[in-house]
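Okay, structure first, notes after.
The values are calculated or read from the model by the stated rules, or taken from the named source; none is laboratory data. From a predicted model like this one, the values you see are computed outputs, not experimental measurements. Neighbour counts are summed over all protein chains in view; Cβ atoms, including those assigned to glycine, are modelled from backbone coordinates with ideal geometry.
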Amino acid sequence: MTFMEFFTGLFTGNNLALTGAAVAAIVAGMGSAKGVGMVGEASTGLMMEDPSKFGKALILQALPGTQGIYGLITAFVIILKMGLLGTPVTLTLGEGAFLLFAAMPIAIVGYFSAIKQARVAAAGINLIGKHPGEVGKAITAAALVETYAIFALLVSLLPILFFTPGA
């Protein structure tokens, strides 16, 4: 096999689409892992002083994890569109590139919004440490950041869902 055969075999529509699925799941998942870890660190300090606040802290810690789920959903929908769980479809280079680029909003926004949401949630951990009755405000503040992850999910999913190979 020559280098050119290897190179052209590597850049196929199906490989580009799979790359999009992988990037959506991996990059959004990395942001969620980092975010959940950041809030976990703040939660540990709170629970060292008052273990009874575990449930309230857990809700705030779980919030940045949703972006990774959104990336996984996007990856799964791309895999379904490729027919990998049924009858496989051969995608053109353009179709594969379309799916790759459609995955980018949730990958990029998912990564950054998970980390920003974690910062707000960690601040919420400090709030409930001093004012336990304010957990609703802490959750609301962190959930507002989620709005942008949901927008990115929609921007990624809508083109993918309406994509029809060969159309």
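With respect to (1) surrounded by fewer than 22 Cβ atoms within 10 Å (Cβ to Cβ); (2) among the small types (Gly, Ala, Ser); (3) assigned to a helix (DSSP H, G or I), the lone exception for Ala75 is condition (1). Taking each residue of region 50-68 that is more than 17 Å from Gly136 (Cα to Cα) and looking for partners that are surrounded by fewer than 17 Cβ atoms within 10 Å (Cβ to Cβ) and aliphatic (A, V, I, L, M) with beta-carbon atoms closer than 8 Å, six or more apart or interchain, yields Gly68/Ala33. Criterion applied to Ala141, Ala62, Ala149 was being part of a helix (DSSP H, G or I) and touching a Leu at 6+ places or on another chain (Cβ under 9 Å), and the one residue passing it is Ala141.
Taking Gly96, is it within 15 Å of Thr19 (Cα to Cα) and either within 12 Å of the chain's Cα centre (by Cα) or surrounded by 22 or more Cβ atoms within 10 Å (Cβ to Cβ) (or both)? Criteria met by Gly96.
Taking the numbered list (1) surrounded by 23 or more Cβ atoms within 10 Å (Cβ to Cβ); (2) part of a helix (DSSP H, G or I); (3) not acidic (Asp, Glu) in turn, Leu91 passes all entries but (2). Checked against the criterion of being closer than 30 Å to Met47 by Cα and either touching a residue at least 40 places away in the same chain (Cβ under 8 Å) or crowded, with 19+ Cβ neighbours inside 10 Å (or both), region 157-165 contains not a single residue that satisfies it.
Within region 80-109, residues that are farther than 14 Å from Phe11 by Cα reach partners that are polar (S, T, N, Q) with beta carbons closer than 7 Å, at six or more positions or on different chains, in the pairs Met82/Asn14; Ala102/Ser156; Ala103/Thr74; Ala103/Ser156; Pro105/Ser156; Ile106/Thr74; Ile106/Ser156. For the criterion of being more than 20 Å from Leu63 (Cα to Cα) and either over 13 Å from the mean Cα position of the chain (by Cα) or assigned to a helix (DSSP H, G or I) (or both), Ile160 passes. Examine region 42-58 for a residue that is surrounded by 20 or more Cβ atoms within 10 Å (Cβ to Cβ), more than 16 Å from the chain's Cα centre (by Cα) and not in a helix (DSSP H, G or I), and state whether such a residue exists. Among the residues of region 42-58, not one is surrounded by 20 or more Cβ atoms within 10 Å (Cβ to Cβ), more than 16 Å from the chain's Cα centre (by Cα) and not in a helix (DSSP H, G or I), which makes the answer no.
Quickly run through region 38-71 and pick out the residues that are small (Gly, Ala, Ser) and over 16 Å from Gly110 (Cβ atoms). Those that are small (Gly, Ala, Ser) and over 16 Å from Gly110 (Cβ atoms): Gly40, Ala42, Ser43, Gly45, Ser52, Gly55, Ala57. The set of residues in region 23-60 that are at pLDDT 90 or above, charged (D, E, K, R) and in contact with a helix residue (DSSP H, G or I) (Cβ under 7 Å, 6 or more places away or on another chain) contains only Lys34.
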